[in-house]
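Visitor: Here's a structure for you.
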Amino acid sequence: GCWQGAGEISTKWFYFTVDDTGTIEITFDGPAGQDYDLAIWGPSTNGEPECPVNTGDSPIRCSYSSAQNPVGLGNGATDYYEDAAGDGWLAPLDAVSGETYVLALNIFQNGNPQPTIDITFGGSGTLDCTPVLLPIELADFYGMAMGQRNLITWFTNSEHNNDFFTVERSDNLV
């Protein structure tokens with residue numbers, strides 16, 4: 001990415017899929033005086049973007065501007081990358097239906113609590129923001145080493161369209 005890991009202490013990762021072809025604009029806003037950094041990778045066309053941390057791919061939009069909020073994609077911007085001296089705005093995405101993008105947003109702030117951020121999507125393209133519901137609601141999960149074996153138990157509050165569980169293991173201790 002473009003931040004080189006320095007001072008990025010509160011990063012959140014998202015992904016979104018484009019429903020209708022067009023431009024995608026995004027505005028990040030919150031309490032006055034906040035410094036938000038952002039990067040976008042993509043597009044992927046299979047609906048499951050690969051994690052940029054694993055692929056080493058460079059972002060297609062990146063800003064670590066020290067400009068205070070609001071910031072984002074749009075606002076008449078035409079640049080794709082900007083450093084600390086930038087204005088916080090990058091060019092919108094020209095997106096095609098079915099493309100999926102990865103978004104990383106960082107609040108460049110020491111300490112807690114982290115502020116609530118308003119995220120607004122605009123442009124001529126549309127996104128499907130329907131939540132993806134998991135088929136179970138996990139109430140409790142517990143694991144205990146028992147010599148050469150492990151005892152794993154779990155309880156669910158609800159299950160919908162779920163007829164079994166698959167338990168996997170790994171020899172990777174990392």
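The values are calculated or read from the model by the stated rules, or taken from the named source; none is laboratory data. A quick note: this is a predicted structure, and the numbers were derived from the prediction, not measured. With ideal geometry, Cβ positions are generated from the backbone for all residues, glycine too; neighbour counts draw on all protein chains shown. Calculation scope for accessible area: heavy atoms of the full protein, side chains included, ligands and nucleic acids excluded. Shrake-Rupley method; radii C 1.70, N 1.55, O 1.52, S 1.80 Å.
Visitor: Compute the distance in nm between two label points, each set 7 Å from the Cα along the Cα-to-Cβ direction, one at A145 and one at N162.
Guide: That separation, rounded to one decimal, is 2.8 nm.
Visitor: So for L93, L138, L127, what's the accessible-area order with a 1.4 Å probe, most first? Spell out each step's value before the answer.
Guide: Working: L93 5, L138 95, L127 35 Å².
These residues rank, largest area first, as L138, L127, L93.
Visitor: Would you mind checking segment 25-44 for residues with the amide N under 19 Å from a putative spin-label position 7 Å along Cα→C-beta of V53?
Guide: Under 19 Å, as judged by backbone N against the label point of V53, lie 37-42 of segment 25-44.
Visitor: Oh, and also: Which value, in Å² rounded to 10, gives the accessible area of F165 with a 1.4 Å probe and all protein chains present?
Guide: 80 Å²
Visitor: Here is a further query. Multiply the residue gap between T45 and W13 by 0.36 nm, knock off their C-alpha separation, and tell me the result in nm, one decimal place.
Guide: On the way: separation 32, 0.36 × 32 = 11.52 nm, distance 1.86 nm.
The T45-W13 span can extend by a further 9.7 nm.
Visitor: Going by amide H atoms built from the backbone, whose H comes under 5 Å of the H on G123, apart from near neighbours?
Guide: Result for G123 returns E25.
Visitor: Heavy atoms of the protein only, probe of 1.4 Å, neighbouring chains included. What is the accessible area of D87 in Å², nearest 10?
Guide: 90 Å²
Visitor: How big is the accessible area of F14 in square angstrom, nearest 10, if you roll a 1.4 angstrom probe over the protein chains?
Guide: Accessible surface of F14 is approximately 90 Å².
Visitor: While we're on this one: Show me, for segment 157-167, the HN-Hα J-couplings you get by feeding each phi into the Karplus relation (A = 6.51, B = -1.76, C = 1.60, θ = phi - 60°), rounded to Hz, glycine and proline as x.
Guide: Once rounded to whole Hz, the list reads 7, 7, 9, 9, 6, 10, 10, 6, 10, 10, 9.
Visitor: On a full-extension model of 0.36 nm per residue, what is the gain between T153 and T78, subtracting their alpha-carbon distance, rounded to one decimal in nm?
Guide: Working: separation 75, 0.36 × 75 = 27.00 nm, distance 5.35 nm.
Using 0.36 nm per residue and subtracting the Cα-Cα distance, I get 21.7 nm.
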